[in-house]
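The values are calculated or read from the model by the stated rules, or taken from the named source; none is laboratory data. What you see is a predicted model; the values in this text were computed from it and never measured. We place every Cβ from the backbone using ideal geometry, glycine too, and count neighbours over all the protein chains shown. Heads up: the accessible areas ignore ligands, DNA and RNA and are worked out on the full protein's heavy atoms, side chains in. Shrake-Rupley method; radii C 1.70, N 1.55, O 1.52, S 1.80 Å.
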Amino acid sequence: MSSRTPTNDDLLAWRKEFPILEKTVYMISNSLGAMPRGVYDRMREFADLWATRGVRAWAEGWWEMPATVGDRVGEILGAPPGSVTMHQNVAIAEQVVLSCFEFKPGRDKVVYSSMNFPSVMYVYEAQRRRGARIEIVPSDDGVTVDTEKMLRAIDETTLLVPISHVLFKSAFIQDAKAICRRAREVGAHVVLDVYQGAGTIPIDVQDLDADFVVGGSVKWLCGGPGAGYLYVNPKLAPALEPMMTGWMGDRAPFAFEPGPVRYADPPMRFLNGSPHVPALYAATAGYDIIREIGVPRIREKSKRQVARLLDLAKARGWKTTAPADPERRGGTVAIDLPHGLAVAKELIRREFLVDYRPGAGVRASPHFYTKDEEIDLTIAEIAKILESRAYEKHLEAERTSF
């Protein structure tokens, strides 16, 4: 993939919609996407409705927002209407899925890789107390996961396969379609976490034939915190009865009837308590921009700029953890530098916003609003910090994470 600068990058016209770009070099969209200016208007809309309509706001849109906003995310994921619901975060969405199943002898195994996001691991490791057997497929190189090893681990005793579409440490893109196919062959269910890719890598949940897809809006979707989502395959949804439930999952919540829940039709049956309304308002500004641009266009720019980052880092002799194949590489480059955490802290002090992850390094992630010269400036600034040893002032706090 060529990293040559195009003569006309029309995506840069969107920069004016992101206030923070006016005063920083923003290379941290893999962790927190820049806030769209439109969030101010969406939050004002929320506040005005609350102020002027009071309790009537529930019946005038708030109650349905986990499903209506879910449909807007669904358009980005290639999901049909009525198949996505909004939740506070991925850990909760994973728990909703888990609560639909029991671990029984002969169908009690969970398979995932050693490169999974730790928060997801914590959720599934806790299921050992419910009888789950966990098989972890190791990475041979700390960058990729061998698809064939993953497929071999998924057998007739497997119940769930919670995997990351894009690995958080290396941005390696797993072969989700092959994994979904194998799971279906043996009666297992994939829970695909697309958090690290949605908004910068095209995803079509129907083409993947995934049973469950989870993710959030903090990163490439520029939607902010508190707007996680859960897709449930419509072919599977009507038969599922999540134990993690609440009044929103009942078919007549305002009847306030005692006793067990009477499950609503999908997608509402996958909800539980009252929705996080302000976060849902805020998230839609980012979704609208991503949908208008189109993820394929974002992906093409991302591939070119990531290649540029890699070329510049390698030219300085720095080790990176990104996969070599651009088609299997997401939007983030991790640069393994000496005293990487201290270097990242000094970059941030200088208004170059990056992050650091142990075992990966300083992570930089251009998005559609990134200028090519910002990539060049970031690499040059890292070199200045290393050469001047300006990172030394941060060494006493090197064990502190972001």
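Per the listing Asp140, Asp146, the residue uniquely surrounded by 14 or more Cβ atoms within 10 Å (Cβ to Cβ) and over 22 Å from Ser99 (Cβ atoms) is Asp146. Within region 67-124, the set of residues being hydroxyl-bearing (Ser, Thr, Tyr), closer than 20 Å to Pro242 by Cβ and touching a Pro at 6+ places or on another chain (Cβ under 9 Å) comprises Ser83, Thr85, Ser99, Tyr124.
This table checks each residue for (1) β-branched (Val, Ile, Thr); (2) under 30 Å from Asp140 (Cβ atoms); (3) not in a helix (DSSP H, G or I).
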residue: Ala324; (1), (2), (3): no, yes, yes
residue: Gly331; (1), (2), (3): no, yes, yes
residue: Leu347; (1), (2), (3): no, no, no
residue: Tyr369; (1), (2), (3): no, no, yes
residue: Glu381; (1), (2), (3): no, no, no
residue: Lys384; (1), (2), (3): no, no, no
residue: Glu396; (1), (2), (3): no, no, no
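Residues of region 161-186 that are open to solvent by less than 40 Å² (accessible area, probe 1.4 Å) and either over 28 Å from Pro358 (Cα atoms) or among the small types (Gly, Ala, Ser) (or both): Ser164, Ser170, Ala171, Ala176, Ala178, Cys180, Ala183, Val186.
Go through region 268-292 residue by residue and tally those that are among the acidic types (Asp, Glu) and free of Cβ contacts under 8 Å to residues at least 60 places away in the same chain.
1
Residue count for region 187-208, restricted to those that are closer than 18 Å to Trp220 by Cβ and open to solvent by 30 Å² or more (accessible area, probe 1.4 Å): 3.
Determine which member of the set Asp325, Asp372, Asp376 is open to solvent by 50 Å² or more (accessible area, probe 1.4 Å) and in contact (Cβ under 8 Å) with a residue 60 or more places away in the chain. Walk me through how you get there before you give the answer.
On the way: Asp325 fails: in contact (Cβ under 8 Å) with a residue 60 or more places away in the chain; Asp372 fails: open to solvent by 50 Å² or more (accessible area, probe 1.4 Å).
Unique residue meeting the criteria: Asp376.
When you look at Gly33, is it open to solvent by less than 30 Å² (accessible area, probe 1.4 Å), within 22 Å of the chain's Cα centre (by Cα) and farther than 17 Å from Phe270 by Cβ, yes or no? Answer is yes for this residue.
Every condition in (1) more than 26 Å from Phe18 (Cα to Cα); (2) touching a residue at least 60 places away in the same chain (Cβ under 8 Å); (3) assigned to a helix (DSSP H, G or I); (4) not hydroxyl-bearing (Ser, Thr, Tyr) holds for Gly359 except the one numbered (3). Checking the structure you have, find out if any residue of region 125-132 is at pLDDT 95 or above, in contact with an Asp or Glu (Cβ under 9 Å, 6 or more places away or on another chain), among the charged types (D, E, K, R) and closer than 17 Å to Leu208 by Cα. Within region 125-132, not a single residue is at pLDDT 95 or above, in contact with an Asp or Glu (Cβ under 9 Å, 6 or more places away or on another chain), among the charged types (D, E, K, R) and closer than 17 Å to Leu208 by Cα.
In region 138-184, what residues are part of a strand (DSSP E or B) and within 23 Å of Ser29 (Cβ to Cβ)? Answer for region 138-184, where residues must be part of a strand (DSSP E or B) and within 23 Å of Ser29 (Cβ to Cβ): Ile163, Ser164, Val166, Phe172, Ile173.
Has region 268-277 got any residue that is modelled with pLDDT of 95 or more, aliphatic (A, V, I, L, M) and open to solvent by 10 Å² or more (accessible area, probe 1.4 Å)? Taking every residue of region 268-277 in turn, at least one turns out to be modelled with pLDDT of 95 or more, aliphatic (A, V, I, L, M) and open to solvent by 10 Å² or more (accessible area, probe 1.4 Å). Taking the criterion of being more than 20 Å from Phe117 (Cα to Cα), of a type in the set (Gly, Ala, Ser) and in contact with a Leu (Cβ under 8 Å, 6 or more places away or on another chain), the only residue of region 179-210 that qualifies is Ala188. Only one entry in Pro225, Pro234 is assigned to a loop (DSSP other than H, G, I, E, B) and closer than 30 Å to Ala34 by Cβ, namely Pro225.
For the condition modelled with pLDDT of 95 or more, of a type in the set (A, V, I, L, M, F, W, C), closer than 25 Å to Val143 by Cβ and part of a helix (DSSP H, G or I), Leu377 does not qualify. Taken over region 241-267, the criterion of being in contact (Cβ under 8 Å) with a residue 24 or more places away in the chain and open to solvent by less than 10 Å² (accessible area, probe 1.4 Å) is satisfied by Pro242, Met248. Kindly indicate whether any position in region 301-314 is closer than 17 Å to Arg15 by Cβ, open to solvent by 40 Å² or more (accessible area, probe 1.4 Å) and part of a helix (DSSP H, G or I). Within region 301-314 (the criterion being closer than 17 Å to Arg15 by Cβ, open to solvent by 40 Å² or more (accessible area, probe 1.4 Å) and part of a helix (DSSP H, G or I)), the answer is no, since none of the residues qualifies.
Going residue by residue through region 103-114, is there one that turns out to be touching a strand residue (DSSP E or B) at 6+ places or on another chain (Cβ under 6 Å), free of Cβ contacts under 8 Å to residues at least 40 places away in the same chain, under 30 Å from Gly361 (Cβ atoms) and open to solvent by less than 70 Å² (accessible area, probe 1.4 Å)? So that I can check it myself, show each step before the final result.
Start the filter on region 103-114 by keeping residues that are touching a strand residue (DSSP E or B) at 6+ places or on another chain (Cβ under 6 Å), which leaves 107-114.
If we keep only those that are free of Cβ contacts under 8 Å to residues at least 40 places away in the same chain as well, we get 114.
Of the ones still in play, those that are also under 30 Å from Gly361 (Cβ atoms) are 114.
Of the ones still in play, those that are also open to solvent by less than 70 Å² (accessible area, probe 1.4 Å) are 114.
The answer is yes, given that some residue of region 103-114 is touching a strand residue (DSSP E or B) at 6+ places or on another chain (Cβ under 6 Å), free of Cβ contacts under 8 Å to residues at least 40 places away in the same chain, under 30 Å from Gly361 (Cβ atoms) and open to solvent by less than 70 Å² (accessible area, probe 1.4 Å).
Screening region 28-102 for helices (runs of 4 or more DSSP H) wholly inside it with 1 or more residues that are out of contact with any Gly (no Cβ under 8 Å at 6 or more places or on another chain), within 25 Å of Val205 (Cα to Cα) and modelled with pLDDT of 95 or more returns the ranges 65-77, 90-98.
The residues listed here are Asp209, Asp204; of these, the one that is over 29 Å from Leu32 (Cβ atoms) and of a type outside the set (Ser, Thr, Tyr) is Asp209.
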